[in-house]
Structures are given as C-alpha cells and as structure tokens.
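As structure tokens, the structure follows; a few thoughts come after it.
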Amino acid sequence: MKRFTSKTLLLLATGICLCGAAHGQYRESETVMDRLIWDDEKLNILLDTRFDAQFTTGNSDGRELGFKDQMLRVWLAGEIVPGIRFRLRQRLNKPLTALRDNLSAATDHAWIAFDVGRDKRWTITAGKQSVNFGTFEYDYNGADVYLSTMINSDLDSYKTGVDVAYRFGKQALHLQVVNSDATQFARDDYKNKALGATILWEGNIGDGLVKTRWAYSTFQHTKSRFYNWITTGIEANPGKLTAQLDYYFGERNMDYGSVVYSDESTLSFVHDQSAALNLEYDAGKWRPAVKGTFNRRHDMDLHRTAYDNWGIQAALEFYPFTAKYLKDLRFHFAYWYTDTLFRGPYADLPHHDGHTLLVGMRWLFKAK
C-alpha cells in the first residue's frame, strides 16, 4: 500500500476519534463513588488466574519441568450510569515499567467508554485498550490460548488511544488511533511521536453462524514511513462445533538472534506471516480442541526467508462446577508439537522441534 494512503488514513482516523471524544465527556456526580462500591453492575472485581505444571523437551534446548504462573490479573469493570462503562485490567506478574503514556506495562486496560447518539449505535472508548487487530486467536483471553502463532505471541497489543465504533445489527465497524512507540514499529528517535491507526470489521452473519474479525492497521515508523498489517479471521459455529481460521501478514522490526542461535542483538526488517486453524467442541463440562499453526519470517534486509515453523496442538478442558462462583473454574490438559525449519542463510542449521505437555487450572473468579 502506498505511503500516502497510510498517512491519509492515520490523519483521518485521528480527526474522527478526537471529534468523537469531545462529545463523550462526562462529569461524575458526588454520589458516583458510593454507587460504584455497592452496586454490582457498577463495580465488578475479578481475579483472572492460570497455573500450569509444564514439561518441555526438544532437540536443542534440553528438558524443562516446573510450575508456571501463566496469568495473574485483576479486573475492575462496570457501568457507572447507563451508557458509560469502564475497565481497569492489571497484571500482577509483569514488571511495572512506565511507558510513553505514563501507564505501566503491566496495565492492559484503563479505559472508559461512552455510548452516544440517539439510538446509542456509536461507542467512543478512550484510554489504554487492546489494539484492534483482527483474527479470533488475538481476541481470546491469553489464559485461554495454549499453542500460539508467532505473531500473536509477540504483537504489541495494548496501547493508549481512542476507538470509535458504529454498531449495526449484531455487527460493528471500529476506527482506532493509538500510540505506536513499540520497537517493532517505531524508529527509536521517532517513538515519542509515532501513531497507529486500525480499521476493524466485526461481522455476524446468519445470527452467529458465521463471524468475522477483519482488520487493516498502519503504524508510523518515521514521519513518512508506515508499517502495514492485514489480520483476518473467520469463525463458523455449526451446532456445538466452533471452527476458526486466522491469518496475519505485516511488516515490523524484530531481533530473532535467539531463534537462529546467534549471540548478536540486531533488529531486522521482516515480513511476518502466521496462520491458524482451531477446532473446538462444546460437550458441556468437557471441551476438546485441536489447533494447527504455521509461521514464516522473511528477512527483507537479506531478501530471503529466514525460517518456517509449524505446530499442532490437542487440548481438553474440564468444567466440573456449576455454582455461581465456581462455574468458570476449569482444569485443562494440553499437548503440542512444533518444528522450525531454517531457510536461506540459515539453511545449514538443524531443524528445531519441541514437545510440550501441560496440566493446569484456570479460574476467572468474581470477587464482587
């Protein structure tokens, strides 16, 4: 895509989002805090946890066995008055590093949303939020993903900005502008000025039979250079079966020295691709799933593909309880195999395969 197109999209999105935010201002009354504390609809406190016992073995890294805290987050969410909602989501197992927006890297979300317009079809969300990439894998809670694609595992996912959404029927169109200071997108001397824009279509066809998450995103690298992304996902829901097909393609700067056994730390301009096919079946308390992934990294500096990677996963989740505070407690078992095949200048390296087996527990507990 031409640079002019990316720049025009970014300027247009910024203008629309800022105009929308101006109409979404709200001044709290003196009684709001009291209502927040005592009304469940206005303040919900949740603890989001996942702990695993994990065994990993491969032909290069040896064996690893131990217990891991995969997820530990606190949520505060609610609706202050009809049409005005908020969310604060904080990780408790991530360093409290301050970012460009003065929020911690451990803060996933800190936003407030306003439903506006006569029929409330418009929603304006301001604050730190998920960047609106497409695909269904990306939209999952991280605690519900076992084998992840390469791109989903390291995208810069949470940024401060403004999102304007228009809802029609059960579908939505989003236009979002966010900070774009991550190393994978912005040049170091431009990161405090760089912005990104996304357009996302959340489709719903046939009353949920087919759903879509298709997005185009552009991020400033410098004033005149943009990195572009296409992320698409389609989901089919015939009966109790859910099938999801996701695809990612985009440009970024990445240091992949550890993958190719290099001690050098160097950023390379790469074109990354990932695809995933995920099948899940809801059998009540038991929910089996299988997933396949494919990843390719093409180094644009070398003009060669650096490596391909593929993986396959089988998982089984068990929800033994139906009581209000225990219904989201689950036990899970998962196994996956991955194999990395090196290409181009790294073709002489032996392939890198690995097996992972884990048993764990996940609990999304509503404390209030």
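Annotations for the structure displayed:
- Region 81-103, subset open to solvent by 60 Å² or more (accessible area, probe 1.4 Å) and in contact with a Leu (Cβ under 8 Å, 6 or more places away or on another chain), residue modelled with the lowest pLDDT: Asn93
- Among the residues of region 243-274, those that are open to solvent by less than 30 Å² (accessible area, probe 1.4 Å) and in a strand (DSSP E or B) comprise Ala243, Gln244, Asp246, Tyr248, Gly250, Arg252, Asn253, Met254, Ser268, Val270, Asp272, Ser274.
- Only residues that are touching a Ser or Thr at 6+ places or on another chain (Cβ under 9 Å), open to solvent by 30 Å² or more (accessible area, probe 1.4 Å), at pLDDT 90 or above and over 17 Å from Tyr146 (Cβ atoms) were counted across region 53-80, and they come to 2.
- Listed by position, the strands (runs of 3 or more DSSP E) enclosed by region 39-131 that each have at least 1 residues that are in contact with a His (Cβ under 8 Å, 6 or more places away or on another chain) and either among the basic types (Lys, Arg) or within 20 Å of His174 (Cβ to Cβ) (or both) are 84-91, 107-116, 122-130.
- Boolean, Trp336 is among the aromatic types (Phe, Trp, Tyr) and crowded, with 17+ Cβ neighbours inside 10 Å: yes
- Strands (runs of 3 or more DSSP E) wholly inside region 298-368 that include at least 2 residues being of a type in the set (Asp, Glu): 304-318
- Counting only residues that are under 20 Å from Asp48 (Cα atoms) and among the small types (Gly, Ala, Ser), region 77-92 holds 2 of them.
- Any hit, region 303-317, residues being touching a helix residue (DSSP H, G or I) at 6+ places or on another chain (Cβ under 8 Å) and open to solvent by 80 Å² or more (accessible area, probe 1.4 Å): yes
- Screening Ala106 on (1) over 30 Å from Val260 (Cβ atoms); (2) open to solvent by 60 Å² or more (accessible area, probe 1.4 Å); (3) aliphatic (A, V, I, L, M) shows it passes everything except condition (2).
- Subset of region 146-174 [buried (at least 19 other Cβ atoms within 10 Å of the Cβ), aliphatic (A, V, I, L, M) and out of contact with any Lys or Arg (no Cβ under 8 Å at 6 or more places or on another chain)]: Ile151, Leu155, Val162, Val164, Ala165
- Region 175-230 - residue that is within 13 Å of Arg252 (Cα to Cα) and of a type in the set (Phe, Trp, Tyr) and, of those, surrounded by the most Cβ atoms within 10 Å (Cβ to Cβ): Phe219
- Of the residues examined, Ser157 is one that is under 30 Å from Arg330 (Cα atoms) and without any contact (Cβ under 8 Å) to a residue 60 or more places away in the chain.
- Residue list for region 178-217, filter: of a type in the set (Val, Ile, Thr), more than 16 Å from the chain's Cα centre (by Cα) and under 19 Å from Leu155 (Cβ atoms): Thr183
- Val131 being under 19 Å from Ala215 (Cα atoms) and either open to solvent by less than 20 Å² (accessible area, probe 1.4 Å) or without any contact (Cβ under 8 Å) to a residue 60 or more places away in the chain (or both): yes
- Residues that are closer than 30 Å to Gly311 by Cβ and charged (D, E, K, R), drawn from region 116-169: Glu137, Asp139, Asp144, Asp154, Asp156, Lys159
- Residue match in region 27-35 (condition: under 26 Å from Arg118 (Cβ atoms), at pLDDT below 55 and of a type in the set (Lys, Arg)): yes
The values are calculated or read from the model by the stated rules, or taken from the named source; none is laboratory data. Only a predicted model underlies this, so the values are computations on that prediction, with no experimental measurement involved. No Cβ is skipped: glycine too gets one built from the backbone with ideal geometry, and neighbour counts run over all protein chains shown. Each accessible area value is taken on the protein alone, full model and side chains, heavy atoms only, with ligands, DNA and RNA left out. Shrake-Rupley method; radii C 1.70, N 1.55, O 1.52, S 1.80 Å.
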